[in-house]
1. Keeping to region 7-42, report how many residues are outside any helix (DSSP H, G or I), out of contact with any Lys or Arg (no Cβ under 9 Å at 6 or more places or on another chain) and of a type outside the set (Gly, Ala, Ser).
2. Mind telling me which of the residues Ala371, Ala329, Ala325 ends up being exposed (fewer than 15 other Cβ atoms within 10 Å of the Cβ), of a type in the set (A, V, I, L, M) and either assigned by TED's automatic domain parsing to the domain that holds Ala413 or modelled with pLDDT of 90 or more (or both)?
3. With within 22 Å of Val213 (Cβ to Cβ), in contact with a strand residue (DSSP E or B) (Cβ under 8 Å, 6 or more places away or on another chain), surrounded by 13 or more Cβ atoms within 10 Å (Cβ to Cβ) and not small (Gly, Ala, Ser) as the only criterion, which of Phe64, Phe71 stands out?
4. Taking region 178-230 only, how many residues are of a type in the set (Ser, Thr, Tyr) and either under 31 Å from the mean Cα position of the chain (by Cα) or not assigned by TED's automatic domain parsing to the domain that holds Gly262 (or both)?
5. Those residues that are of a type in the set (Asp, Glu) and not in a strand (DSSP E or B), I need them from region 256-287; list them, please.
6. Please verify whether region 350-361 includes one or more residues that are closer than 15 Å to Val34 by Cβ and in a loop (DSSP other than H, G, I, E, B).
7. Of everything in region 225-255, what is outside any helix (DSSP H, G or I) and of a type in the set (D, E, K, R)? Give them in sequence order.
8. Which of the strands (runs of 3 or more DSSP E) contained wholly in region 89-203 include at least 1 residues that are small (Gly, Ala, Ser), touching a His at 6+ places or on another chain (Cβ under 9 Å) and crowded, with 22+ Cβ neighbours inside 10 Å?
Amino acid sequence: MDTYRKYRPFTPVPLPGRTWPDRALTAAPLWCSVDLRDGNQALVTPMNPAEKLEYFRMLTGIGFKEIEVGFPSASQTEHDIVRALIEGGHIPPDVTIQVLVQAREHLIRKTFESVAGAREVIVHFYNSTSALQRKVVFQKDMGGIIGIAVEGARLIRQLADESAGQTRVRFEYSPESFAGTETDFAVEICARVMQELRASKSEPVILNLPSTVEMCTPNTYADQIEYFIRHLPNREAALISVHPHNDRGTAVASAELAVMAGAQRVEGTLFGNGERTGNLDIVTMALNLHTQGVDCRLDLSEIDAIREMYERTTRMRVPERQPYAGALAYTAFSGSHQDAIRKGREHMRATRSQMWEIPYLPIDPADVGRAYEPVIRINSQSGKGGAAFVMSTFGYHLPKDMHPEFGNLVQTACERKGGELSAEEIRALFEAAYLAANGPYKLIRYAFSEESDAERESVCHFTGEVEVNGIIAALDGRGNGPINAACRALNAIGLSDYAFLNYHEHAISSGSDSKAVAYIQVQAPDGRKLFGVGISSNINVASVRGILCAINRAQMENG
């Protein structure tokens, strides 16, 4: 198929000596949420006034200082929500609302009526400037398009002057479809608007340069921004803003590179909601900054609560793999990923590192209020380390040599189920395989004592009874330690073919009723190596139970 031939490649702006590639993001831009306008107009069922108010309060709680609340000249509902915010006293003193309007006289006048009485408001006006829009929609030349913008600016300046003393009006102008506009023409029309609005360093105009339809790669958009800034007259009287859409799926990259190119302000929405494929996702861009050690100046520490409110009021869904906020954003099923994450956590615990150093997790899930338990989830693709990680969340730190053995049990269970095992199912599998392995040998009675004299080293003496298939057998053994004494006692009742190989223990609780767990590896007569697990408030008893557990598991598998 050759349908690609009907598309023209984007023509980049010539920019010799571009400087933005050598810059880094070291500070957050000014953020402006357009959820309540751009995001709302893109919903199948737009938010009602109560939902808009709830959403507005959530945005202010996150820390947005500029919020585009609607397009009040577009409908009575939009007008009413603006009035409700103003008359109800819902706008915090450090927050400025923004309203959008086309550069048309009757719409501008209606917009000013809607914001009367506000402490401060940004009047954001626009007209489309792209070559395609001029040809197809407006059928005007560049002069005609400039005339629309200048006439709108003149009226807005007049109405703002009339509102002085009651409402402080700030100005924002967007040459809509900036990305498809000849950059020199974008400079010219914005300069004319700035003149009409009497822009100054003390009262700058926000010049918003949107990729209304994302048409080029992010580096090309950054070139346009740097070119625009280089050539704009009276540059200090403008605050450069960007509003990237996501038609090519690169809105976040476009915004980041645009800020590197000199943009000071970014408009977008939570989770990227908006027309067509959406807007810039502010959550993603902000947390990208966070992971680079930059204060993003937004409080996203309760990302699940933000997502819940967003999904409920917009009736949209945040995809499971959405960066930072998706339900599976931090989840690893892959065995190699799980093992690296587990080792990273152990490294941070051992070194008490203050820096985040866990592979595969670019951000600490706790920074956004997420729990660690769901980070590693187990299916048939998971490795031995993943099951061990899950057990560590229950207080069991399995020795490394035990990982393959328990991992195989878990993988077999996953394949049998045909899907994922929950953490509780993995714990139940562990308990069934190890803690419930109490036959045919079951410890009934036990005692440890120490024997020593001046002529020889101390000797541990173990005595007790074990039930074997309903028959009680006496245990008696001496050794250089509790495990050695217990092994000798078991050898004496016919278990001499089992060889003790490995031992690990740790506490699984604290306080006066603390318990210890012992992991004992033995070699069975047929050469198989198996682990047993024992738990007791007495570590010596836990060890004996671990030995018997390993023997029982060997005999159960043979049976």
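The values are calculated or read from the model by the stated rules, or taken from the named source; none is laboratory data. Fair warning: this is a prediction, and the values are worked out from it, not measured in the lab. For neighbour counting, all protein chains shown are included, and Cβ atoms are generated from backbone atoms with ideal geometry for every residue, glycine included.
1. Qualifying residue count, region 7-42: 15.
2. Numbers: Ala329 fails: exposed (fewer than 15 other Cβ atoms within 10 Å of the Cβ); Ala325 fails: exposed (fewer than 15 other Cβ atoms within 10 Å of the Cβ).
Only one candidate passes the filter, namely Ala371.
3. Numbers: Phe64 fails: within 22 Å of Val213 (Cβ to Cβ).
That would be Phe71, the only listed residue that is within 22 Å of Val213 (Cβ to Cβ), in contact with a strand residue (DSSP E or B) (Cβ under 8 Å, 6 or more places away or on another chain), surrounded by 13 or more Cβ atoms within 10 Å (Cβ to Cβ) and not small (Gly, Ala, Ser).
4. Our first condition is that a residue be of a type in the set (Ser, Thr, Tyr); within region 178-230, this holds for 181, 183, 200, 202, 211-212, 217, 220-221, 227.
This time we only want the ones that are either under 31 Å from the mean Cα position of the chain (by Cα) or not assigned by TED's automatic domain parsing to the domain that holds Gly262 (or both), so: 211-212, 217, 220-221.
Looking only at that region, the number is 5.
5. Just the residues of region 256-287 that are of a type in the set (Asp, Glu), to begin with: 256, 267, 275, 281.
Result: Glu256, Glu275.
6. Restricting attention to region 350-361, the residues satisfying the condition of being closer than 15 Å to Val34 by Cβ are none.
No, region 350-361 has no match at all.
7. Going residue by residue through region 225-255, those that are outside any helix (DSSP H, G or I) are 232-234, 238-250.
Within region 225-255, Asp247, Arg248 qualify.
8. Working: elements: 96-102, 120-128, 168-176.
In region 89-203, the matching strands (runs of 3 or more DSSP E) lie at 168-176.
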